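Enquirer: Here it is, the structure in full.
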Amino acid sequence: MNNKKLGIVFLALSGILIFILLQLIYSLDTKAQELGCFKDKGCIKIESTLSITHFAFGVIGFILALGFYLLFFSKGEEAIVKTLEETKNKQLEEDKFTLILKGLDEYERRVMKAVKEQEGITQNTLRLRTEMSKAKLSYVLQDLEKKDLIVKNKKGKTYTIHLKEEI
């Protein structure tokens, strides 16, 4: 059941119970006035009933507070599920990337990590970040492109490097 609907049900229930208890207290009060209540057996019975009703007010207060919480402050189940799914998807992407890295050599791993850290990195910046020569980097990028892991886009006199969409 939706938390907001449940909150409304709790609020309505506590309202009804408050009305019933107020009627009970009113009837006990009139009965006590009729008896002229001094310390006799009838008055003690009325006093014990009044203390039970005060306890019931505490329980109703709790139900009322729970109703307000569910109605106004509680996150819906959908929001919690959505957050869990996002976390799970992010973890799956990380696991997939880690699995891909295990099948690559050291140079390819360095390039892939640098491209993932900065999507759309230029080839010149990538060379500085991975500390490779131009020839070595060009060779590694060709291998990664053949393995269908990256995409090179021409940008002026250099290339920008992007991970494939699936990665």
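The values are calculated or read from the model by the stated rules, or taken from the named source; none is laboratory data. Model, not experiment: these values are computed from the prediction. Backbone-built Cβ (ideal geometry, glycine too); neighbour counts: all protein chains shown.
Enquirer: Determine which single condition Tyr159 fails, assuming it passes every other condition in (1) modelled with pLDDT of 90 or more; (2) in a strand (DSSP E or B); (3) not hydrophobic (A, V, I, L, M, F, W, C).
Expert: Every listed condition holds for Tyr159 apart from (1).
Enquirer: For the stretch 129-167, how many residues meet the condition of being over 19 Å from Tyr107 (Cβ atoms) and among the charged types (D, E, K, R)? Walk me through how you get there before you give the answer.
Expert: Of all residues in the stretch 129-167, those over 19 Å from Tyr107 (Cβ atoms) come to 153-158, 160, 165-166.
Subsequent filtering for residues that are among the charged types (D, E, K, R) retains 154-155, 157, 165-166.
So the count comes out to 5.
Enquirer: Moving to a separate point now. In the stretch 105-139, how many residues are in a loop (DSSP other than H, G, I, E, B), without any contact (Cβ under 8 Å) to a residue 12 or more places away in the chain and closer than 17 Å to Ile150 by Cβ?
Expert: 2
Enquirer: Within the stretch 36-43, identify whether any single residue is modelled with pLDDT of 75 or more and assigned to a helix (DSSP H, G or I), and answer yes or no. Spell out the reasoning first.
Expert: Pass one, the stretch 36-43, residues modelled with pLDDT of 75 or more: none.
Scanning the stretch 36-43 turns up no residue that is modelled with pLDDT of 75 or more and assigned to a helix (DSSP H, G or I).
Enquirer: Restricting to the stretch 88-103, give me the number of residues that are among the aliphatic types (A, V, I, L, M) and in contact (Cβ under 8 Å) with a residue 24 or more places away in the chain. Walk me through it before giving the result.
Expert: Within the stretch 88-103, the subset among the aliphatic types (A, V, I, L, M) is 92, 99-101.
Remaining after also requiring in contact (Cβ under 8 Å) with a residue 24 or more places away in the chain: 100.
Total satisfying the criteria: 1.
Enquirer: Quick check, is Leu84 assigned to a helix (DSSP H, G or I), out of contact with any strand residue (DSSP E or B) (no Cβ under 8 Å at 6 or more places or on another chain) and under 30 Å from Ala12 (Cβ atoms)?
Expert: Numbers: assigned to a helix (DSSP H, G or I): yes; out of contact with any strand residue (DSSP E or B) (no Cβ under 8 Å at 6 or more places or on another chain): yes; under 30 Å from Ala12 (Cβ atoms): no.
No.
Enquirer: Of the residues that sit in the stretch 44-78 and are among the small types (Gly, Ala, Ser) and exposed (fewer than 11 other Cβ atoms within 10 Å of the Cβ), which one is modelled with the lowest pLDDT?
Expert: Ser48
Enquirer: Same structure again: Let me confirm something: among Lys90, Lys5, Lys82, which residue is closer than 30 Å to Glu145 by Cα and at pLDDT 80 or above? Break it down into steps so the answer makes sense when it comes.
Expert: On the way: Lys5 fails: closer than 30 Å to Glu145 by Cα; Lys82 fails: closer than 30 Å to Glu145 by Cα.
Just a single option satisfies the conditions, and that option is Lys90.
Enquirer: Still on this model: Take the residues in the stretch 156-167 that are touching a residue at least 24 places away in the same chain (Cβ under 8 Å) and under 41 Å from the mean Cα position of the chain (by Cα); name whichever of them is surrounded by the most Cβ atoms within 10 Å (Cβ to Cβ).
Expert: Going through the stretch 156-167, the residues touching a residue at least 24 places away in the same chain (Cβ under 8 Å) turn out to be 158-163, 167.
With the extra rule that they be under 41 Å from the mean Cα position of the chain (by Cα), the set shrinks to 159-163, 167.
Details: Tyr159: 18, Thr160: 18, Ile161: 25, His162: 15, Leu163: 17, Ile167: 15.
My answer is Ile161.
Enquirer: Here's another thing I want to ask about it. For the stretch 119-128, enumerate the residues that are within 15 Å of Lys164 (Cα to Cα) and surrounded by 13 or more Cβ atoms within 10 Å (Cβ to Cβ). Working first, answer last.
Expert: Applying the first criterion (within 15 Å of Lys164 (Cα to Cα)) to the stretch 119-128 yields 119-121.
Answer for the stretch 119-128, where residues must be within 15 Å of Lys164 (Cα to Cα) and surrounded by 13 or more Cβ atoms within 10 Å (Cβ to Cβ): just Ile121.
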